[in-house]
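Before any comments, here is the structure.
The values are calculated or read from the model by the stated rules, or taken from the named source; none is laboratory data. The structure presented is a predicted model; accordingly, all values stated were derived computationally and were not measured. Don't worry about glycine lacking a Cβ; one is built from the backbone with ideal geometry, like all the others, and counts go over all protein chains shown. Each accessible area value is taken on the protein alone, full model and side chains, heavy atoms only, with ligands, DNA and RNA left out. Shrake-Rupley method; radii C 1.70, N 1.55, O 1.52, S 1.80 Å.
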Amino acid sequence: MSRANTPSKGVDTKIVVLGRPGVGKSATVVRFLTRRFIWEYDPTLEFTYRHQTIIDDETASMEILDTAGHQEDTINREGHVRWGEGFLLMYSVTDRKSYEDIITIKNYLDEIKKARNVSMVIIANKCDLDHMRTVSTDEGERLSQELACAFYELSACRGDDNIEEAFHELFREVRRR
Ligand code: GDP
Ligand code: MG
């Protein structure tokens, strides 16, 4: 374990949200931070939020980078991955391609971070749209087992409790390293 990568008290834990455009990254981040749902959020906007909360009875500070654009053509992508300590990989249960992208993103993380055990969680969003579902819960669970990370199926729109859990668990995962 490298000390340089170990976040110390008072230093923000850097979290990067990745996933295909339209899966609900911005909606989920905004929901986590404000408990509100924004229906239309500028899809080209990339923003870093600062957040402070209490996790496991301790003050937890994080910076959350909500990325935008296609994974393939983001010039900044490598910079984002180098910057980040924990990664929230998101797909939508209504978009099969976004599910298939998760493995590609994970491989990219491994390549840039040169580590097999990059801190990450997987979120399957939009599960309120059950009638439009093209990815089953089982498939999501199987994928996260394969990639050895936590898995949360949720809806940013409904504002499920496990949105907070997903961010907090990722924070813990980074701090454990
Ligand atoms: P991003 O490109 O990944 O940042 O995705 P956005 O957050 O901009 O969301 C893309 C679209 O999906 C918007 O029209 C949102 O209103 C919609 N959306 C996001 N999350 C949910 C959800 O949980 N349920 C439903 N029904 N729509 C969602
Ligand atoms: Mg967005």
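Quick notes on this structure:
- Residues (open to solvent by less than 80 Å² (accessible area, probe 1.4 Å), over 19 Å from Met120 (Cβ atoms) and near ligand 1 (Cβ under 7 Å from one of its atoms)) located in the range 27-58: Ala27, Tyr41
- Among the residues here, Cys157 qualifies as in contact with an Asp or Glu (Cβ under 9 Å, 6 or more places away or on another chain) and within 16 Å of ligand 2 (Cβ to nearest atom).
- Breaking point among (1) open to solvent by less than 20 Å² (accessible area, probe 1.4 Å); (2) more than 10 Å from ligand 2 (Cβ to nearest atom); (3) not acidic (Asp, Glu); (4) not in a helix (DSSP H, G or I), for His70: (1)
- Among the residues of the range 94-114, the one identified as surrounded by 13 or more Cβ atoms within 10 Å (Cβ to Cβ), without any contact (Cβ under 8 Å) to a residue 60 or more places away in the chain and part of a loop (DSSP other than H, G, I, E, B) is Thr94.
- The set of residues in the range 124-146 that are under 14 Å from the mean Cα position of the chain (by Cα) and more than 18 Å from Arg36 (Cα to Cα) comprises Ala124, Ser144.
- Of all residues making up the range 18-40, the number that are part of a helix (DSSP H, G or I) and touching an Asp or Glu at 6+ places or on another chain (Cβ under 6 Å): 3
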